[in-house]
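The values are calculated or read from the model by the stated rules, or taken from the named source; none is laboratory data. Computed from a predicted structure; not experimentally measured. Here the Cβ positions follow ideal geometry from the backbone for every residue, glycine too, while neighbour counts run over all protein chains shown.
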Amino acid sequence: MAAKKKPEIQAKDKDALHVTCTPNDVQEEVLSKLLINPVTQAAFTLRDRDSRHSLNGLHKALGEQINEVVAGGSMARPEAMLLCQAHTLDVLFNNLAYKAHNQTYIPNYETFLRLALKAQAQCRSTLETLAAIKNPPVIFAKQANISQGHQQINNNVPVQASHAKENKNLQNKLLVEAQYGGTALDIDTTDAAIPVNSDMETME
């Protein structure tokens, strides 16, 4: 009795990206949106670097990580990525600086040194971005009160200054009351007129 042959398993095309469309979708529009998607572009780049991985697998893995970050998940992988890139740029800086040091002709020396300094500047920028993610900057804003017209509250004026002004006004009021028998002078009132003695005759 002849042994039954196992059905041949067709290998999946690792270079193909499988797309699911509904009957209402226009195929050209779906493919165009998929092509300009940054996840697709990154998957193609990684696929060209290492052909052992499938395009669909890379696309799915990248999409999951992006969705996690966008949803407010852990930033551990982006932070690790930035730190690794900073180390790589530092290696490039040292290699290019070493090559520049060994050059005999000025044009070659300037070329390698310029590239080395670019790598160094990019390394610094990467570390600054990582520091901003770890310690976001704090923004201080002034407060405005517009409930009764345009009024500006100056937060820079210390509270002690206003208290000192109130204390000074109170001291002035107490001093006036002490000098005039407990009655404060009102400079806004009009003094009473002094009556003229009508019995006095006109002097010749």
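Contact list please: Cβ distance under 6 Å, first residue in segment 35-47 and within 12 Å of A16 (Cα to Cα), second residue buried (at least 16 other Cβ atoms within 10 Å of the Cβ) and modelled with pLDDT under 90, pairs at least six apart or on different chains.
A43/L55; R47/L55
When the residues of segment 63-104 are narrowed to those that are outside any helix (DSSP H, G or I) and over 29 Å from the mean Cα position of the chain (by Cα), which ends up surrounded by the most Cβ atoms within 10 Å (Cβ to Cβ)? Before you say what the answer is, go through the steps one by one.
The first filter runs over segment 63-104 and keeps only residues outside any helix (DSSP H, G or I), leaving 71-75, 102-104.
Checking which are over 29 Å from the mean Cα position of the chain (by Cα) leaves us with 102-104.
Values: N102: 9, Q103: 14, T104: 6.
Taking the candidates together, the pick is Q103.
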